[in-house]
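Each remark here refers to the structure printed beneath this line.
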Amino acid sequence: MTDKTILRALRGEVLPTPPIWMMRQAGRYLPEYRATRAQAGDFLSLCYNSELAAEVTLQPIRRYGFDAAILFADILLLPQALGAKLWFENGEGPRLSTLTTPAELAGLRGKDDIHDTLAPIYETVKILARELPRETTLIGFAGAPWTVASYMIAGRGTPDQGPAHALKSADRATFSGLIDVITDATVEYLSMQVKAGAEVVKLFDSWAGSLKGQDFTDFAVKPAAKIIAALKARHPDLPIIAFPREAGDGYIGFAQATGADCVAIDNSVSPEWAAEKVQVTGCVQGNLSPTHMVTGGTDLVRETRRVVDAFAKGPHIFNLGHGITPDASPDNVTRMIEAVRGA
Ligand code: CP3
C-alpha cells in the first residue's frame, strides 16, 4: 500500500489535513508557465512538446509542493486525434471544425487510430512518472463525452451548449453516435495514460450542468459509467475522479451511479450541502471559488477554512471549484495552502 495522501483519500481514508492540488495549477497566472509557453510558441505546441509539457506540469509542484500533479494537456486533443481540426484563437479560446452531419461523424477516425497523434502526451506522462517527487500523485485526464461533443458540434465553447442541444433534438442518431465514438476513444486514451504512468484519472464534464432530467442520465451518467467500467476492467486498482460541473442535485449519487471513486464539486453549491448530500457516500474534491485566488485577503483564509472544516469528517481532497484564472495572484495560492495546512 502506498503512502501518497491523494491515493489514501481516494480509498476513503479521512486524513487530519486534506491533500491539495488545484485545477489549472499549471497556467497563465504563473510567470514561469508564460515563459515556457513562449518558448514552445503557442499553447498546442506546448501540449505536444513532451519535455516542455512535463516542465510546466512540474512548475507548480516545485513552487507550492501540491500533493498531485495533473498532466499538462487539453481535453480537445482527443477530438483532434479523431480527425477534427483544432486551433486556439489568441485571447478567445478553442476553435474546431464543426460536426453536425452523419457524413462528418462517419469521417472520424476509429478509437484505435488516435495514438499516433497522442503519442507525445503518453511521453509526457512517462517523463512525469520518472521526475515527480515520490510523494506526488500523477493525475491523467480526459474530457467527458458530453463536454467534448459540445465543442466538436459547435466548433467552439458556447455559454449554453445550444448547438449540441439542437443536434440532440434534430438528429438523435448522429448525436448519440458521436457520444459513443468519444466514449470508446476516451477509454483507449485514458488506458494509455495509465500504462504510461498515470496513477489516477479524472473525467472533466465541464458542461454537465446544462443536461437536465433524462438527458443528464443518458449523456452525463451513462457515458461516465461506461468509461469507468471499461477502465476498471483493465486497471482494477485505478482510482477515478468524476467532475460533473454544476450538476447540482445531480451530484447526489453520482459516484454510485458511475462507479467513480471521488466526485469533484464546483463552487455553485456550498461545502456544507456537499458534505451532507455527497460526501456521506464517499470521497469528494473541491470546492473553493477560484475568485478568491484573485481577491485574496481575509475572505480567502476564512472561506478556505470553511471548506476544510465542512469536509473534515469524511474523505476529502482540497481543490478549487473550477480552474484558477490567469488574473489570479501566485501569492494568494500560497496563502490558501497555508490556510489548508494550518501553517
Ligand atoms: O489543470 C491543469 O493544469 C492541466 C491542464 C488542463 C488544461 N485544460 C490546460 C489549458 C486541463 C485539465 C484542461 C481541461 C480543459 N480544457 C477543460 C475542462 C476543465 C474546465 O476548465 O472546465 C476544458 C473545457 C478545456 C478546453 C479549453 N482549453 C478551453 C475552453 C480553453 C480556453 C480557455 C482558457 O483558459 O484560455 C483552453 C485552453 C487551456 N487549457 C489553457 C490551459 C493552461 C490556457 C491556454 C494558454 O496558455 O493560452
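Quick notes
- Of the whole protein surface, K85 contributes about 140 Å² of accessible area at a 1.4 Å probe radius.
- Accessible carbon and sulfur surface of the chain relative to its total accessible area, %, 1.4 Å: 51
- GluC sites (Glu not before Pro) within region 103-181, DSSP loop, no more than 15 other Cβ atoms inside 10 Å: E135
- Put simply, the amide H of A144, placed in the peptide plane, has neighbours under 5 Å in F204, D205, S206, leaving out anything fewer than 5 places away on its chain.
- Solvent-accessible surface of the chain, taken per residue with a 1.4 Å probe and all protein chains present: 40 Å².
- Using Cβ point charges alone (K and R +1, D and E -1), the dipole size of the chain about the Cα centre works out to roughly 340 debye.
- In order through region 5-13: 3J(HN,Hα) via Karplus (6.51 cos²θ - 1.76 cosθ + 1.60), integer Hz, x for Gly, Pro: 5, 5, 5, 5, 4, 5, 7, x, 6
- Per-residue extension of 0.36 nm, minus the Cα-Cα distance of R156 and D42, leaves a gain of 39.2 nm for this segment.
- Of P163, G323, Q279, farthest towards positive along the dipole that unit charges on Lys, Arg, Asp, Glu beta carbons give the chain: Q279
- Karplus-derived 3J(HN,Hα), 6.51/-1.76/1.60, for each residue of region 138-152, Hz, glycine and proline x: 9, 9, x, 7, 8, x, 6, x, 4, 5, 5, 4, 4, 6, 5
- Residues in region 101-125 reached by a label modelled at A173 [backbone nitrogen below 12 Å; 7 Å Cα→Cβ]: 102-103
- Using the rule -39500 (n - 2.57) for each DSSP H run of four or more residues, divided by the residues of the chain, the 222 nm mean residue ellipticity is -14000 deg cm²/dmol.
- Between S97 and Q214, the modelled label-to-label distance comes to 3.4 nm, taking each label 7 Å out from Cα in the direction of the beta carbon.
- Along region 291-301 the Karplus relation, 6.51 cos²θ - 1.76 cosθ + 1.60 evaluated at θ = phi - 60°, assigns HN-Hα couplings of 4, 5, 6, 9, 8, x, x, 6, 4, 4, 5 Hz to successive residues, with x for each Gly and Pro.
- For the chain, cysteines whose Cβ has no other cysteine Cβ within reach (under 4.7 Å): C47
- Sorted on the mean count of surrounding Cβ atoms within 10 Å across their residues, most packed first, peptides 294-301, 265-272, 317-324 read 317-324, 265-272, 294-301.
- Reach of K232 by Cα under 30 Å, taken over lysines that are not fewer than 8 positions away in the same chain: K4, K111, K126, K168, K195, K202, K212, K222, K277, K313
The values are calculated or read from the model by the stated rules, or taken from the named source; none is laboratory data. Please read all numbers here as calculations on a predicted model, not as lab measurements. Positions of Cβ are generated from backbone atoms using ideal geometry, with glycine treated the same way; all protein chains shown enter the neighbour counts. Side chains included, ligands, DNA and RNA excluded: accessible areas come from the protein's heavy atoms. Shrake-Rupley method; radii C 1.70, N 1.55, O 1.52, S 1.80 Å.
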